[in-house]
1. Sort out which residues of region 250-277 are more than 18 Å from Leu214 (Cα to Cα) and in a strand (DSSP E or B), and write them in order of number.
2. Kindly provide the set of residues from region 120-167 that are aliphatic (A, V, I, L, M), open to solvent by less than 10 Å² (accessible area, probe 1.4 Å) and part of a loop (DSSP other than H, G, I, E, B), ordered by number.
3. Considering region 279-307 alone, what residues qualify as being part of a strand (DSSP E or B), touching a residue at least 40 places away in the same chain (Cβ under 8 Å) and open to solvent by 10 Å² or more (accessible area, probe 1.4 Å)?
4. Return yes when Ala217 is within 24 Å of Ile58 (Cα to Cα) and not in a loop (DSSP other than H, G, I, E, B) and no when it is not.
5. Residue check: is Glu178 modelled with pLDDT of 90 or more, surrounded by fewer than 18 Cβ atoms within 10 Å (Cβ to Cβ) and under 30 Å from Lys88 (Cα atoms)?
6. Considering Arg430, Arg407, which residue is under 11 Å from Lys374 (Cβ atoms) and either free of Cβ contacts under 8 Å to residues at least 12 places away in the same chain or open to solvent by 100 Å² or more (accessible area, probe 1.4 Å) (or both)?
7. Does any residue in region 111-140 that is in the same structural domain as Gln173 (by the TED database) come within less than 9 Å, Cβ to Cβ, of a residue that is open to solvent by 60 Å² or more (accessible area, probe 1.4 Å) and among the small types (Gly, Ala, Ser) six or more places away or on a different chain, and which pairs are these?
8. Given the options Leu236, Leu214, Leu242, name the one that is crowded, with 22+ Cβ neighbours inside 10 Å, farther than 29 Å from Phe118 by Cβ and assigned by the TED database to the domain that holds Gln279.
Amino acid sequence: MQVSSLNEVKIYSLSAGRSLPEWLSDRKKRALQKKDVDIRRRIELIQDFEMPTVSTKIKVSRDGQYIMAVGTYKPRIRCFDTYQLSQKFERCLDSEVVTFEILSDDYSKIVFLQCGRFVEFHSQHGHYYKTRIPKFGRDFSYHYPSCDLYFVGASSEVYRLNLEQGRFLNSLQTDASESNACDINPVHFLFAMGTAEGKVECWDPRTRNRVGLLDCALDSVTADAEIESLPSISALKFDGALNMAVGTSTGQVLLYDLRSSNPLIVKDHHYGLPIKSIQFQHQLDLIISADSRIVKMWNKDTGKIFTSMEPEHDINDVCLYPNSGMLMTANEAPKMNIYYIPVLGPAPKWCSFLDNLTEELEENPESTVYDDYKFVTRKDLENLGLAHLIGSSLLRAYMHGFFMDIRLYHKAKMMANPFAYEEYRREKIRQKIEETRAQRVQLKKLPKVNKELALKLMEEEEQQEVTRKRKQKNMPNLLKDDRFKVMFENPDFQVDEQSEEFRLLNPLVSKISEKRKRKLKILEELEAQEREEEEEPEGKASDAESSESSDDEKGWVEEVRKQRKLLRQEEKVKRQERFKEDQQTLLKPQFFEIKEGEEFRSFKDSAKKQKLMKKTLGDRLKLEEKLGTLDVSDTTVGSKQATFKLKK
């Protein structure tokens, strides 16, 4: 059983896991259950709840005892008895079923609309009667007061077959070219049909006249929707006397109040696929709409998503078991899915054990299948010395690595690293020591960079605590602010107290810093004592807590003069050191290499070339004319001709 959660709504998939072939004996099935973990952990709620190839439609009888499903291949219907949790009967049909309807409370009266224009009636014993309609049908509804079947399909007419008289009645002539879906209101029996033009026509069966027309195609177009073709109606469902939900072929669901022509809400699936099924859940006021890819549950008042499900295979039909949290789907796969959502309601009475099972799972979450395996990469295998197992049955390739048995992994790790237990033991001892340290008096932890600045900020914060209590204002703290944390981590932000700017701007820093340095020294000694696990000396007086008053203005001026005098002396010493270095350095001759084919004249030529390059083009041309290397003459056309003589 797989458990998924979306929007904190847990969905239990009761049909997850592999199914066993029917032809296996009980003995082989038991042997497989012992060997295979997936088969052992699966839940088979109803025995053989599947079809040979594909299931197309699924419905529940009104008494809730029978679940009926149709599918292929060969075309057939299967009836499952929920009281026995097994299949009751199976009947094969001549052609595929488009849709079917259960007329009685149990399985005794069923009507099938088949793709070959056939309408087939089944009773409790089996096949009862078969007839044909003039055009291919796509959907039908049963009108209980008059015992009429209304068929819609590839025609503008709605065919009526009366089951009491056993004959066709006059058909309803509509304005539509084709119709895809229809439904009859369970309260006032209004007949509605969805057309291929994107309209819904409402008819009164008593007078056989049209009483309303809705243009759903226009209402389904939203501002951000891209429409490639005209939306047609693909699903239709009434809720009570006044509400009606309409599904379009472009993936929108429109909720209408029959008293208004405008939709109350438009919900888009955003897949562009036709809506296959619409169901109403009254306990939580939800609408369950499904296309071939996803089942969405959303609030009919706000349109907010409640939860959603995406099965592995395409969806053909959705059935909600009445007054419960069980949901069944017919898929493009042999197995029909069963989901249990406890939020929607309790489990049906024939499987009430599901409530206890889900409660136990929530209290004691079971381990998943992958808990028996360990995921390792190729590098991990090389470190463990198991690279030679790649390609064998002991490793299962998955994504960028492999799954291996957890027992084999522990054995290999023990052999590769025999001292792992000692490391684990040291780590546990270290954690115990850290826990005992936390019970001691907490010291101020200073950062690695700008310790004096951090200590200064801590002192200011302690002084501000008294004023903060009086003024009730939260002052910002640079040590806790993320914007300034790099200043206490990156060594590039270390304050250089020996620089000229710092010493002139902070002339009294020497006296104040001496106090902080003494305090820093004490804190560092205490930290070192903690590292060495030595006992902390008690009753030791702190030198840093001396209450000295600040200097006056006269002392500040004297300190500035003293600092400037020290700076001049330092500059004088630096100049003398540079002078001595210059005297000690010996000047060596510098040699230049002349290119092959050139003659060395003098260093003055290079200076002349540099001066010449700085001049403008006109000045250079005049200079070339004077030297005779350039000859400029006028032509007959009016242009100028320039002749150059290259130097050797």
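1. Once the filter is applied, which keeps residues that are more than 18 Å from Leu214 (Cα to Cα) and in a strand (DSSP E or B), region 250-277 yields Asp268, Ser277.
2. In the first step, residues of region 120-167 are kept if they are aliphatic (A, V, I, L, M); the result is 133, 149, 152, 154, 158, 161, 163.
Pick out the ones that are also open to solvent by less than 10 Å² (accessible area, probe 1.4 Å) and you get 133, 149, 152, 158.
Residue satisfying the conditions is Ile133 alone.
3. Result: Gln279, Phe280, Ile305, Phe306.
4. On the way: within 24 Å of Ile58 (Cα to Cα): no; not in a loop (DSSP other than H, G, I, E, B): yes.
Answer is no for this residue.
5. Working: modelled with pLDDT of 90 or more: yes; surrounded by fewer than 18 Cβ atoms within 10 Å (Cβ to Cβ): yes; under 30 Å from Lys88 (Cα atoms): no.
The answer is no for Glu178.
6. Details: Arg430 fails: under 11 Å from Lys374 (Cβ atoms).
Being under 11 Å from Lys374 (Cβ atoms) and either free of Cβ contacts under 8 Å to residues at least 12 places away in the same chain or open to solvent by 100 Å² or more (accessible area, probe 1.4 Å) (or both) holds for just one of Arg430, Arg407, which is Arg407.
7. Within 9 Å, the pairs are Tyr129/Gly166.
8. Details: Leu236 fails: farther than 29 Å from Phe118 by Cβ; Leu242 fails: crowded, with 22+ Cβ neighbours inside 10 Å.
Answer to the check: Leu214.
The values are calculated or read from the model by the stated rules, or taken from the named source; none is laboratory data. What you see is a predicted model; the values in this text were computed from it and never measured. Neighbour counts run over all protein chains shown; Cβ positions are idealised from the backbone, glycine included. SASA here: full protein model, heavy atoms, side chains in, ligands and nucleic acids out. Shrake-Rupley method; radii C 1.70, N 1.55, O 1.52, S 1.80 Å.
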